[in-house]
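Report on the following structure.
The values are calculated or read from the model by the stated rules, or taken from the named source; none is laboratory data. Small disclaimer: the values here were computed from a predicted structure and weren't measured. Using ideal geometry, Cβ is built from the backbone for each residue, glycine included, and neighbour counts are taken over all protein chains shown. Ligands, DNA and RNA are stripped out before the accessible areas are found, and what is left, the full protein with its side chains, is counted by its heavy atoms. Shrake-Rupley method; radii C 1.70, N 1.55, O 1.52, S 1.80 Å.
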Amino acid sequence: MIVGEQKPLEEIWDMIKGHKKVLVFGCNTCVAVCQQGGNKEAEILASMLRMKAVQENVDIEITDSGIERQCEHEFFEKAESRIQATEAVLSTACGIGVQFMAEKYPKPIYPGLNTTFLGAVERLGVYTERCQACGACILGRTGGICPIARCAKRILNGPCGGSTKGKCEISKDVDCAWQLIIDRLKLLGRMADYEALAPIKDWSTDRAGGPRKLVREDLIDE
């Protein structure tokens, strides 16, 4: 899922305080799982901003709403009237949702979150990075553990000389990704995969090739 973290209230307030009517707009999928940007969080944030407006003696109408996903056209229909009726939108979606809305509506769309990474729910309240969406997945040969996302140096043939006792040299609290891979491959009886040298990675499938697009011709209506 996409993990995000709500921006500081003061930063958000500085973005919206010049408007007369603002809609705090939630996204009830990825960022709702990490309890940062769902419809419930949008409602709470709107309440906090209304209190801020009273404290600052600023005349601003702040409402809240939300949809299931801010990255797909079909979900906007039920909220269309509320979006059209407001002067500006504070989106609590990830950066994708914010940009998607900015393309749809000729009005200010502000981010309420800092989008952080593609991650997993380790446990309630703890979310860890697992993928950098490099476009050429190698998990099949690394035992399901990604060295692109989890190795600080993104090494494809590891571990490096800086790892000590299974920990990364950047911090004793960070597991060495390649130690995790080795342990996993041993468990699976697949150490031959570790011995095989990884080919040079084609980084053109990553951000190095510019903004990416996936087109499924079989799904496009004529």
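If you work out Rg/Rh (Cα atoms, Kirkwood Rh) from the coordinates, which of (1) 1.08; (2) 0.95; (3) 1.01 do you get? The calculated read-out lines up with (1).
If you take the charge dipole of the stretch 2-117 about its Cα centre, with +1 on Lys and Arg Cβ and -1 on Asp and Glu Cβ, which of Phe76, Cys94, Thr63 is farthest toward its positive end? Of the candidates, Thr63 comes out farthest on the positive side.
Surface composition of the chain: carbon plus sulfur atoms hold 53% of the accessible area, using a 1.4 angstrom probe and ignoring ligands, DNA and RNA. Using a cut-off of 18 Å between Cα atoms, the listed pairs Lys17/Lys104; Lys78/Lys104; Lys40/Lys104; Lys20/Lys104; Lys20/Lys52; Lys7/Lys213 include Lys17/Lys104; Lys40/Lys104; Lys20/Lys104; Lys7/Lys213 as exceeding that distance.
Summed over the residues of the stretch 2-117 and divided among them, the accessible surface reaches 49 Å² per residue at a probe radius of 1.4 Å.
Semi-axis lengths, largest first, of the ellipsoid equivalent to the stretch 134-200 are 18, 14, 10 Å, with √(5λ) applied to each eigenvalue of the Cα gyration tensor. Quick one: length gained pulling Met191 to Ser81 fully straight, 0.36 nm per residue minus the C-alpha distance? Between Met191 and Ser81, full extension yields 33.8 nm more.
Build a GNM of the chain with springs between Cα atoms under 10 Å apart, and of Leu113, Leu185, Leu49 the one that fluctuates most is Leu185.
Just tell me, in residue order, which DSSP H segments of the chain are both 15 angstrom or longer along the helix axis (alpha-carbon based) and at least 0.0 in mean Kyte-Doolittle hydropathy. Result, helices passing both filters: 177-188. Label separation (Ile138 vs Lys172): 3.0 nm, computed from points 7 Å beyond Cα along the C-beta direction. For the pair the stretch 126-146 / the stretch 163-221, the C-alpha centres are spaced 5 Å from each other.
Give, rounded to the nearest 20 debye, the magnitude of the charge dipole that the stretch 134-200 has about its Cα centre when Lys and Arg contribute +1 at Cβ and Asp and Glu contribute -1 at Cβ.
60
Here the chain is treated with +1 on each Lys and Arg Cβ and -1 on each Asp and Glu Cβ, and its dipole about the Cα centre works out to around 820 debye.
How much length would be gained if the chain were fully extended between Asp221 and Leu124, taking 0.36 nm per residue of separation minus their Cα-Cα distance, in nm to one decimal?
In short, 30.8 nm is gained.
Scalar couplings 3J(HN,Hα) for the stretch 58-72, obtained by applying the Karplus form with A = 6.51, B = -1.76, C = 1.60 to θ = phi - 60°, are 10, 7, 8, 9, 10, 10, 9, 6, x, 9, 5, 8, 9, 10, 9 Hz; x denotes Gly and Pro. Considering the stretch 2-117, its Cα convex hull presents a mean projected area of 6.1 nm². Simple rule: put +1 on each Lys or Arg Cβ and -1 on each Asp or Glu Cβ in the chain, find the dipole, and look at Gly162, Pro147, Ala120; the Cα lying farthest toward the positive end is Gly162. Take the Cβ atoms of Arg212 and Lys104, set R0 to 25 Å, and the FRET efficiency comes out at 0.75.
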